[in-house]
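Okay, structure first, notes after.
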Amino acid sequence: MKKKESPLYVNLAYESEMNRLAQNENPYGASNLAKEAVLENINKMSLYPDVILMELKEKLAKKHGVSPQEIIVSNGSGAIIDHLVNCMPHNGENMIVPELTFVAYKLCAAIYRKECRLVPMENYSINLHKIADNCDKKTHLVFLSNPNNPTGTIFSHDEIVEFLDRISSKTLVVLDEAYKEYVTDVSFPRSIELYNKYPNIIILHSFSKIYGLAGLRIGYGIARTSVIEELEKNRLPFMVGTLANIAALAALDDMEHVSESARKNAKGREILFQELSGMGYNVIPSQGNFLFISFATTEDRNKMYDTLLANKIVVRKMESFGDNRALRISLGRTAANIRMLDCLKIK
């Protein structure tokens, strides 16, 4: 009897020959050090994980120049987003997010019935001036994905400083830097410098992207100890699995894998951008490991999607993000990228 696939994952094609260019995964996989660490500790699968995760917190604290008490580790940075929204006060507070950004922010607001104000983009970039204009004394959270998922655009260090100087210091500003390691633009914010100056900054990082640990679900945040303590007391224990913790510890020791993944991504990103733009597609310049393409109509978008799907290449439609005339294409290995371009050239 043929195994029935879950509708949620039917187009992700885990067990087929599809090229997965939909989920912003690292096509080069995890570090060999992380793989070896997991295999060496595979018998620990039956054991409950470390609740405190102090070794990992200390390692991350050293990496970023903060204290372990300013680190929270969870099962993906998405879980921290969930905690932050869930912990919002119930006195009419609101949260603000850009209109076209990581879907988890709006989803969590809907789940916990929190007011979520959507601020229009400007040329597919986050407009910090408009976000500041929408903040008021009841604004508890502002979520800023940088590079922004799904558009790949960034705001600069100077721009975020101007924004932070405008808004209340009581408003928590979440800098979601899941794709930071892929950035090549030197104007990108120096987030720890910002964190040291502005006490309302929270920084999120992920092991899912360049570290290649998406399947193990682990991410972390940096915030003031008062924020960390509030988050820790409002969640269940054992949020991070034993093997995820072990893999993350090992992955942090392999910066060569990170730098090589970033180098290959930058090269592939530039080639794809130039090739797709040359074909006449409206491709937004990206600093992530993906490209965002805007179409004149949903029908035009579907033509590209269907062409690629027919050739066993799956990319991401953007309805859930709020745009039904766009696709997000993750960067793959060179062969997958070339295959995609070839399919579009002969369509």
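The values are calculated or read from the model by the stated rules, or taken from the named source; none is laboratory data. All of these numbers come straight from a predicted model, not from anything done at the bench. Ideal geometry is used to build each Cβ from the backbone, glycine not excepted, and the neighbour counts take in all protein chains shown.
Checked against the criterion of being farther than 26 Å from GLU99 by Cβ, in contact with a Pro (Cβ under 9 Å, 6 or more places away or on another chain) and either surrounded by 16 or more Cβ atoms within 10 Å (Cβ to Cβ) or of a type in the set (Ser, Thr, Tyr) (or both), region 311-332 contains one or more residues that satisfy it.
Determine, yes or no, whether VAL183 is farther than 28 Å from ASN282 by Cβ and modelled with pLDDT of 95 or more. Judged against the criteria, VAL183 is not a match.
Table: residues versus (1) in a loop (DSSP other than H, G, I, E, B); (2) in contact with a helix residue (DSSP H, G or I) (Cβ under 6 Å, 6 or more places away or on another chain).
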| residue | (1), (2) |
| --- | --- |
| GLY280 | yes, no |
| VAL283 | no, yes |
| GLY288 | yes, yes |
| ILE293 | no, no |
| ARG301 | no, no |
| ARG328 | no, no |
| ILE338 | no, no |
| LEU341 | no, yes |
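Determine which single condition ALA178 fails, assuming it passes every other condition in (1) in contact with a helix residue (DSSP H, G or I) (Cβ under 7 Å, 6 or more places away or on another chain); (2) of a type in the set (Gly, Ala, Ser); (3) surrounded by fewer than 24 Cβ atoms within 10 Å (Cβ to Cβ). It fails just one condition, (3). Here is a list of conditions, (1) in a helix (DSSP H, G or I); (2) out of contact with any Phe, Trp or Tyr (no Cβ under 9 Å at 6 or more places or on another chain), and ASN324 meets all of them except one; can you say which number that is? With respect to (1) in a helix (DSSP H, G or I); (2) out of contact with any Phe, Trp or Tyr (no Cβ under 9 Å at 6 or more places or on another chain), ASN324 is out only on (1).
If the condition is being of a type outside the set (A, V, I, L, M) and surrounded by fewer than 19 Cβ atoms within 10 Å (Cβ to Cβ), then region 146-175 contributes SER156, HIS157, ASP158, GLU159, GLU162, ASP165, ARG166, SER168, SER169, LYS170.
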